[in-house]
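Working notes for the structure below.
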Amino acid sequence: MQNFNKKVTRNDVAKLAGTSSAVVSYVINNGPKPVSEKTRRKVLEAIKITGYQPNNIARALVSGKSRCLGLIIPNISNPFIASLAHAIEGEAIDRGFVILLGDSDDREDKELDLLKFFLQRQVDGIIYNAIKDPYLDLLSSSNTPFVLLNHMASLTPGLRVVKINEYQASFDVVKMMIAKGYRKIAIICGPKSMHNTQERIRGWKSALISHGLNPDPALIFYSDYTRNDGYFAALDLIMNAQYDSVFTTNEMQAFGALRAFKERGIRVPDDIGMTTFNATELSEFVVPSFAAMFQPVKLVAQHVLNMVLNHEVTDSVYNVPYIVKDGMSLRDH
């Protein structure tokens, strides 16, 4: 019986399968020459018996493919971002790729460093959720396929983008609040300089105006997308505004705001209503459960991988569907 305690080589697999080393290579790499199904099964069985592990570095040098994709996200501590990254990683693994995760920590300088690192590593593609404006010149000059996540600026021909209509989704959340009888709807939004902040405010304003209500600027509270900032934005709201409900445009902000209301003896939904945006399953388990907008992250991940791996796609935008769900954080007036 052959001894496989030493490092197993392709020749060992070929000897056990009764074929050549070249045929083993064709099976592992799915080409370039065809292999009969019978021979293919013999090779795969020999690989299983020997525990042979292909040299991925060598394969990458020969094929020009690393089987790695770079994923740049703004902040993994955000539950929605984490759930999306998890879905993308799972979809990539199902397709034989691994994800190199880069968390920019909401820092543009770190985002640029991560992008340069992934390009130097010659990843097969980049999935990129920019903090503000993506570094398109650097990406385009690299000839590396890339997909932009949630890109809000004007679209340049040739870009592959997976995004949600932030304006319409915000409009629909506020519309649901109005249908419940709320009239003085405050908004806790993100940093003023961010594209998604402005789109979410625009949706809030349009929903109010379309129902004959006044979008009072005094009901707009800017905040970072964190629990801590949501907490202090809610305290500011409590002390300085007249309101009957609040639309938090980020789930972490919502958690922070809920604590602030609890500490001040303000009951949700008895005293005020609350909704949030880009919610995860956490919003369904908090008490009270949040009325919210949800994205289907598994579906998003599938489209992201389709777009980054299909090199024939040139100008393509996928508009993510979303669901606005009622919850226990709103009541009928």
Legend entry - Two-decimal ratio, region 87-181, of alpha-carbon radius of gyration to 2.2 N^0.38 Å: 1.32
Inset, instruction - Output ³J(HN,Hα) for region 211-225: one whole-Hz value per residue in order, computed from phi by the Karplus curve 6.51 cos²θ - 1.76 cosθ + 1.60 with θ = phi - 60°, and x for Gly and Pro. - result: 10, x, 10, 8, x, 5, x, 5, 9, 9, 10, 7, 6, 5, 7
Legend entry - R0 of 56 Å, Cβ-Cβ distance LEU44-ALA218: FRET efficiency to nearest 0.05: 0.25
Inset, instruction - Show the residues, 5+ positions off or on another chain, whose built amide H is closer than 5 Å to the amide H of VAL161. - result: LEU148, SER316, VAL317, TYR318
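Test of understanding: express the Cα radius of gyration of region 128-248 as a ratio to 2.2 N^0.38 Å, with N the residue count. List each step's numbers first, then the result.
Values: Rg = 16.9 Å, N = 121, 2.2 N^0.38 = 13.6 Å.
The reported ratio for this selection is 1.24.
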Inset, instruction - Can you tell me how much longer the chain between ILE323 and ARG183 gets when fully stretched, taken as 0.36 nm per residue apart minus their C-alpha distance, in nm with one decimal? - result: 48.1 nm
Inset, instruction - Any chance you could run the full-extension gain for LEU309 through ILE28? It's 0.36 nm times the residue separation minus the Cα-Cα distance, nm to one decimal. - result: 99.2 nm
Inset, instruction - Just subtract the alpha-carbon distance of LYS298 and SER21 from 0.36 nm times their residue separation and send over the number in nm, one decimal. - result: 95.8 nm
Inset, instruction - Please calculate the 1.4 Å probe accessible area of ARG41, with all protein chains present, and give it to the nearest 10 Å². - result: 140 Å²
Inset, instruction - Return the sequence-ordered ³J(HN,Hα) values of region 183-197 in whole Hz as given by the Karplus equation 6.51 cos²θ - 1.76 cosθ + 1.60 applied to θ = phi - 60°, using x for Gly and Pro. - result: 10, 9, 9, 7, 10, 9, 10, x, x, 4, 7, 8, 4, 5, 4
Inset, instruction - Treat every Asp and Glu Cβ in the chain as -1 and every Lys and Arg Cβ as +1, leave all other atoms uncharged, and give the resulting dipole magnitude about the Cα centre to the nearest 20 debye. - result: 1460 debye
Legend entry - For the chain, alpha-carbon Rg over 2.2 N^0.38 Å: 1.26
Legend entry - Per-residue SASA entry for TYR243, accessible area with 1.4 Å probe, Å² rounded to 10: 40 Å²
Inset, instruction - Putting +1 on Lys and Arg Cβ atoms and -1 on Asp and Glu Cβ atoms, find which of SER245, PHE146, ALA207 reaches farthest to the positive end of the dipole of the chain. - result: PHE146
Legend entry - Under 5 Å, built H, 5+ apart or other chain: amide partners of LEU100: LEU69, GLY70, LEU71
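Which FRET efficiency value, to the nearest 0.05, is calculated for HIS333 and HIS86 with the Förster distance at 35 angstrom and r the Cβ-Cβ distance?
0.40
Which entries in LYS132/LYS180; LYS163/LYS192; LYS7/LYS33; LYS184/LYS325 show an alpha-carbon gap greater than 24 Å?
LYS132/LYS180; LYS7/LYS33
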Inset, instruction - At 1.4 Å probe size, with every protein chain present, just tell me what the per residue accessible area of region 174-245 comes to in Å². - result: 47 Å²
Legend entry - Amide H within-cut-off set for ASN278, under 5 Å, with H built and near neighbours excluded: MET293
Legend entry - Using distinct alpha-carbon pairs, which all enter the 1/r mean, Kirkwood radius of region 216-333 in Å: 15.7 Å
Legend entry - Dipole of the chain, positive direction: furthest Cα of VAL27, THR39, VAL162, with charges on the beta-carbon: THR39
Legend entry - Fraction of beta bridges assigned by DSSP in the chain that are antiparallel (%, nearest 5): 10 percent
Inset, instruction - Could you run the Debye sum over the Cα atoms of region 77-117, one equal point scatterer each and no solvent, and tell me log10 of I(q)/I(0) at q = 0.18, 0.20, 0.27, 0.30 Å⁻¹, two decimals? - result: -0.60, -0.71, -0.94, -0.98
Legend entry - the chain - percent relative contact order, Cα under 8 Å, separation 6 or more: 16 percent
Legend entry - Estimated vicinal HN-Hα couplings, Hz - region 262-272 in sequence order (Karplus 6.51, -1.76, 1.60; Gly, Pro = x): 4, 5, 8, x, 9, 8, 10, x, 4, 9, 9
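The values are calculated or read from the model by the stated rules, or taken from the named source; none is laboratory data. Just so it is clear, the model here is predicted, and its values are computed rather than measured. Don't worry about glycine lacking a Cβ; one is built from the backbone with ideal geometry, like all the others, and counts go over all protein chains shown. Keep in mind that these areas ignore ligands, DNA and RNA; they rest on the heavy atoms of the full protein, side chains included. Shrake-Rupley method; radii C 1.70, N 1.55, O 1.52, S 1.80 Å.
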